[in-house]
Amino acid sequence: MTMIGDDLQHVNNRIAKACVTAGRNPGEVRLLAVSKTFGPDAVREAHAAGQSAFGENYVQEGLDKIEALADLRATLEWHCIGPLQSNKTRPVAEQFDWVHSVDRLKIAERLSAQRPAQLAPLNVCLQVNVDGGPNKSGVPPEEAVALALAVAALPQLRLRGLMAIPEPAESFDAQRELFLRAHAVYRAIGEAGIALDTLSLGMSADLEAAISAGSTMVRVGTAIFGGRARKPA
Ligand SMILES: *Cc1c(COP(=O)(O)O)cnc(C)c1O
């Protein structure tokens, strides 16, 4: 097996083990392979090893990869997970399948208006700022229910859930506590009458804590593709 194939299997084993430890069914947690900074060939290799969902942080880098892998498009699912500026929403609405980083209504309105009518609604998650840094992306938890109600009403979007990127914590339990804040917001939105199915939490270093806190989708880069030599484009 290839190195990426080996690493994918190792990550899938970690996910399965974390689910068992948390008393959850391993089928409840999806793996999103974060391919930022790696070229189309790495995605091709992961795809050949059975991986279908890929995450990109930078819009142009993602668009270039989607184009380079057009022959596989029907069997790939592309997720935009990086901060999104309003002047970049159109190609995202046209080319991606998911956006995890919606944190204000204006972005959501543009994505909905720009999503081509012949495509299925764009899947979106709201990014929630669970640890409160003023410079961090994400809607404050106390504003998340109102934003969810507004986003859920947009015709060409399908609100699937929440994404959060808490800071690294000192211990498993401290990390889990930060993830549980996202889970609490997720429950509050459900109680407001909006059915969600996706909690996008956890990366290479903290996926076990995220799964113990209810994650249904872990976003993993380094543990699959190796260290990133450069910052994303
Ligand atoms: C880069 C990135 C990841 C993956 O991080 P790793 O530590 O390489 O697993 C996940 N989510 C987001 C939003 C990222 O930017």
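The values are calculated or read from the model by the stated rules, or taken from the named source; none is laboratory data. In this text, all values refer to a predicted model and were calculated from it rather than measured experimentally. We place every Cβ from the backbone using ideal geometry, glycine too, and count neighbours over all the protein chains shown. Heads up: the accessible areas ignore ligands, DNA and RNA and are worked out on the full protein's heavy atoms, side chains in. Shrake-Rupley method; radii C 1.70, N 1.55, O 1.52, S 1.80 Å.
Over segment 80-233, give the accessible area per residue in Å² for a 1.4 Å probe, as an integer. Display every interim value, and only then the final one.
Values: 6840 Å² over 154 residues.
On a per-residue basis, segment 80-233 sits at 44 Å².
Per DSSP helix of 4 or more residues, -39500 (n - 2.57); summed, then divided by the residues of the chain. What does that give at 222 nm, rounded to the nearest 500?
On the way: 9 runs with 94 residues, N = 233.
Taking each H run of at least 4 residues, the total per residue is -12000 deg cm²/dmol.
Count the net charge of all other residues whose Cβ sits under 9 Å from the Cβ of Ile81, scoring Lys and Arg as +1 and Asp and Glu as -1.
Values: positive: Lys36, Arg219; negative: Glu56.
Residues close to Ile81 contribute a combined charge of +1.
Largest first, what is the accessible-area ranking of Asp71, Asp206, Asp6 with a 1.4 Å probe?
If we order Asp71, Asp206, Asp6 from most to least accessible, we get Asp71, Asp6, Asp206.
How large, in percent, is the carbon and sulfur part of the accessible surface of the chain at a probe radius of 1.4 Å? Kindly include the intermediate steps, with their values, before the conclusion.
Working: 5590 of 10690 Å².
Its accessible area is 52 percent carbon and sulfur atoms.
How many times 2.2 N^0.38 Å is the alpha carbon radius of gyration of segment 3-225?
In units of the 2.2 N^0.38 Å rule of thumb, it is 0.97.
Is the C-alpha gyration tensor of segment 114-233 telling us rounded, prolate or oblate? Criteria: a/c under 1.5 is rounded; beyond that, a/b larger than b/c is prolate, otherwise oblate.
Values: a/c = 1.89, a/b = 1.31, b/c = 1.45.
It comes out oblate by the Cα gyration axes.
Considering only the other residues whose Cβ falls under 13 Å of the Cβ of Phe172, what net charge follows from Lys and Arg at +1 and Asp and Glu at -1? Display every interim value, and only then the final one.
Numbers: positive: Arg176; negative: Glu170, Asp173, Glu177, Asp206, Glu208.
That works out to -4.
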